[in-house]
Amino acid sequence: MNNILVHKEMNVNDKIYKYIDINYLIDMLKSQALYVANRKSFSDRREHGHKENIKNFFMIQPSKISKDQISYYEELSRKIKEAYNICVSCWTYGHHNKCNENILNWKCYGRNAVRIETTINCLISSIDSKGMTVIIKKVNYDDEKVTGTVDAAIFTKYLAYEDETELRLCVLSTEHHEVLKINNETLIKKIILSPLLSRQYNVILKNGLENSFEFLRGKIEFSHLIEHN
């Protein structure tokens, strides 16, 4: 547990959610593992450090920088570049509406999506990090250029993404991906089925999941939204 770090401003009892494809969920349930992809595989090119020119982080003219400062900036530059090459699992920390769902997230993940509900504490308790360092923190949204810190490079996104209300589980690894062993019964408190599918299909899906994974009985619910025909 000592190598799983949670930002001090976060309440570990807060609910968090993950919208995922149903096939991803089934793989997770069968394998008891959470796939954590490297940021380099994300579609948003800013996640790769695109347009984040390192020289723009520093406003001091080279002629005015001492040798010690040059060494410091070179090391910071190296660390920032590494921050764009680590493994990240994206969650969301809730929405400000009565049903607590986000139709944009549903549509983003497609018709075959489901939503897992848990808490930060349950997420932490469910993970076997295999000795790797894991950091959990909410994303900050800003319309200014990302400042030159490792924290900002990982946990800051442009203001246009603010509706995502994202929380990140960051594994300090530069591999293509990491697979964290998890206890699904500890992790999953509730599963919501997509409002983009018919209720008839969701009934079949619910029965199939509960028959295959007994611990899910009583934990699967239909969406409060009605988007299907």
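Laid out as a table, the results:
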item: Filtered residue count, segment 168-182, keeping only those that are of a type in the set (S, T, N, Q) and open to solvent by less than 30 Å² (accessible area, probe 1.4 Å); result: 1
item: Residue that is nearest to I4 (Cα to Cα) [pool: residues in segment 106-121 that are crowded, with 19+ Cβ neighbours inside 10 Å and touching a helix residue (DSSP H, G or I) at 6+ places or on another chain (Cβ under 7 Å)]; result: T118
item: Yes/no for V203 being farther than 19 Å from Y84 by Cβ, without any contact (Cβ under 8 Å) to a residue 12 or more places away in the chain and of a type in the set (V, I, T); result: yes
item: Residues satisfying the stated conditions in segment 1-23, i.e. open to solvent by less than 70 Å² (accessible area, probe 1.4 Å) and assigned to a helix (DSSP H, G or I); result: I22
item: Filter result (assigned to a loop (DSSP other than H, G, I, E, B), farther than 25 Å from I192 by Cα and in contact (Cβ under 8 Å) with a residue 60 or more places away in the chain) within segment 105-148; result: S129, G131, M132, T133, K145, V146, T147, G148
item: Any hit, segment 188-203, residues being assigned to a loop (DSSP other than H, G, I, E, B), open to solvent by 40 Å² or more (accessible area, probe 1.4 Å), among the basic types (K, R) and over 24 Å from I26 (Cα atoms); result: no
item: Which listed residue is surrounded by 15 or more Cβ atoms within 10 Å (Cβ to Cβ), modelled with pLDDT of 90 or more and over 15 Å from the mean Cα position of the chain (by Cα), from S89, S126; result: S126
item: E185 open to solvent by 70 Å² or more (accessible area, probe 1.4 Å) and at pLDDT 95 or above; result: yes
item: Members of segment 149-171 found to be within 15 Å of the chain's Cα centre (by Cα) and either of a type in the set (S, T, N, Q) or part of a strand (DSSP E or B) (or both), listed by number; result: T156, K157, T165, E166, L167, R168, L169, C170, V171
item: Condition check for T156: open to solvent by less than 70 Å² (accessible area, probe 1.4 Å) and either modelled with pLDDT under 90 or of a type in the set (D, E, K, R) (or both); result: yes
item: Enumeration of residues in segment 24-41 that are in a helix (DSSP H, G or I) and surrounded by 19 or more Cβ atoms within 10 Å (Cβ to Cβ); result: L25, M28, R39
item: Failed condition for Y73, given (1) more than 30 Å from S223 (Cβ to Cβ); (2) modelled with pLDDT under 75; (3) loosely packed, with under 15 Cβ neighbours inside 10 Å; result: (3)
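The values are calculated or read from the model by the stated rules, or taken from the named source; none is laboratory data. Everything numeric in this text was worked out from a predicted model, so none of it was measured. Note that each Cβ is placed from the backbone with ideal geometry, even for glycine, and that neighbours are counted across all protein chains shown. The accessibility values were calculated without ligands, DNA or RNA, using every heavy atom of the protein model including side chains. Shrake-Rupley method; radii C 1.70, N 1.55, O 1.52, S 1.80 Å.
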